[in-house]
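The values are calculated or read from the model by the stated rules, or taken from the named source; none is laboratory data. Predicted model, so just to flag it, every value in this text is computed and none were measured. All Cβ positions, even for glycine, are placed from backbone atoms using ideal geometry, and neighbour counts span all protein chains on display.
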Amino acid sequence: MKFNASSAQLSKDLSIAANAISPKAIMPILEDFLFKLEGNNLTISATNLETSIVINTEVTGHEDGSVALSAKILLDTLRTLPDQPITIETLDDKGLQITSAYGKYKMGIDDPDDFPDIESTPEEEGTSIEGLVLKSAIEKTMIAIGEVGVVRSSMSGVLFQLDFNKANFVSTDSHRLVKYTYNGLNFDSTKSFILPQKGLSLLKNAIVEDKEVHIFWNENSAFFEFEGFKIISTLINDDFPNYNNVIPVDNQNILNINRKDLMNSLKRLLIYANKSFNLVTFNLAEDSLTLATEDPEFAHDATEQLPCKYSGEPLTMGFSAKFFVELLGILNGEEVNIEFSNPKTPVLIKPVNQDSNQDLLLLIMPLIMQ
């Protein structure tokens, strides 16, 4: 195998592919990239057996072939080179040589036949979604994914619900919930699956925002294809909680407030809050919001009043300010509406202005105050 390539472009592609390699690989071959050269097309593969990526990139090919090689050694070399043409070729003594303007670097290689087979895309018809929309959905929902081993397995990923002309992306860790709906899907059926965090992270880092992402699936895996990339992830084999049961539908107490003002106020109060619970109290009255926190152990306390519009009954509720700040941080607009019912039921957070084909709903559970 022999080809010429741009060191910067190859480094960029390999940096994305490296996200599929586990830092604690269970087999030495899983620390490798698999290169396969056919003509001017170089196929780069990487896997941790749960998530895999295949990248097709254009190079100047001289001799077809395939090789498995250390991902870390190759990437560490390319990252220190300024952009320049490089040559990569296998040698007769079973090694591989990289030639740059600065010198030559030789490394050992592994048998490409030892590299695990990567699952082929199913032939059944799938669906497509804009890359920017999918990336936004992943970024917003990943914040509420539950920790593996702490929550039930279904809550350690994001639910993809494909339903004719819309797609729902939902995550929850039992303390908060994010539901992102896209109303521009073109699909003639319904399908749902749960994608784990590893697959979500790999997909988010690879997505080309201005390209369509084609989605396919089978019983055990989901496949995402776009602009020279294919990402495969195993699915979580569990039933996602019936999240609609916990979303209130008739909250009568509505707070309208500047998102950044509330977020910055909560950040300041977090400095003075008890670090075990990050509890901040919301005291709501007509067009009035008072935030308060304390940590008696260190004689800390803080109070702030914020301008707002509030209509409804006077309420006093407690929340994890840390969780509240994280939820506000995934919104983009200036103002939010926060809907309350009573001190023991979930609270809804919605941006005032949303795109016509997208809908974002956030939910946070209150803390029980003594």
Lone unmet requirement of (1) under 18 Å from the mean Cα position of the chain (by Cα); (2) surrounded by fewer than 21 Cβ atoms within 10 Å (Cβ to Cβ); (3) not in a loop (DSSP other than H, G, I, E, B) for SER22: (3)
Would it be correct to say that THR172 is β-branched (Val, Ile, Thr), modelled with pLDDT of 95 or more and either exposed (fewer than 15 other Cβ atoms within 10 Å of the Cβ) or in contact with a Gly (Cβ under 9 Å, 6 or more places away or on another chain) (or both)? yes
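Would you point out the residue of segment 95-129, among those that are in a loop (DSSP other than H, G, I, E, B) and hydroxyl-bearing (Ser, Thr, Tyr), that is farthest from GLU225 (Cα to Cα)? Even if it seems obvious, please write down each step before you answer.
We begin by selecting, within segment 95-129, every residue in a loop (DSSP other than H, G, I, E, B); these are 100-103, 111, 115-126.
This time we only want the ones that are hydroxyl-bearing (Ser, Thr, Tyr), so: 100, 102, 120-121.
Working: SER100: 32, TYR102: 37, SER120: 12, THR121: 9 Å.
Out of the qualifying residues, it is TYR102.
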Residue by residue through segment 169-187, note down the ones that are in contact with an Asp or Glu (Cβ under 9 Å, 6 or more places away or on another chain) and without any contact (Cβ under 8 Å) to a residue 60 or more places away in the chain. ASP173, LEU185
With respect to ILE88, determine if the residue is touching a Lys or Arg at 6+ places or on another chain (Cβ under 9 Å) and either surrounded by fewer than 17 Cβ atoms within 10 Å (Cβ to Cβ) or assigned to a strand (DSSP E or B) (or both). yes
Just name the residue that is nearest to GLU125 (Cα to Cα) out of those in segment 147-194 that are touching a Pro at 6+ places or on another chain (Cβ under 8 Å) and among the polar types (S, T, N, Q). SER154
Name the pairs whose Cβ atoms lie under 7 Å apart, with the first residue in segment 136-154 and modelled with pLDDT of 95 or more and charged (D, E, K, R), the second surrounded by 15 or more Cβ atoms within 10 Å (Cβ to Cβ) and part of a helix (DSSP H, G or I), and 6 or more positions between them or separate chains? GLU139/LYS204
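Tell me the residue from LYS230, LYS204 that is more than 21 Å from ILE349 (Cβ to Cβ), out of contact with any helix residue (DSSP H, G or I) (no Cβ under 8 Å at 6 or more places or on another chain) and outside any loop (DSSP other than H, G, I, E, B), please.
Values: LYS204 fails: out of contact with any helix residue (DSSP H, G or I) (no Cβ under 8 Å at 6 or more places or on another chain).
One residue alone meets the criteria, LYS230.
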Going by what's in this entry, would GLY333 be described as at pLDDT below 95, surrounded by fewer than 17 Cβ atoms within 10 Å (Cβ to Cβ) and not β-branched (Val, Ile, Thr)? yes
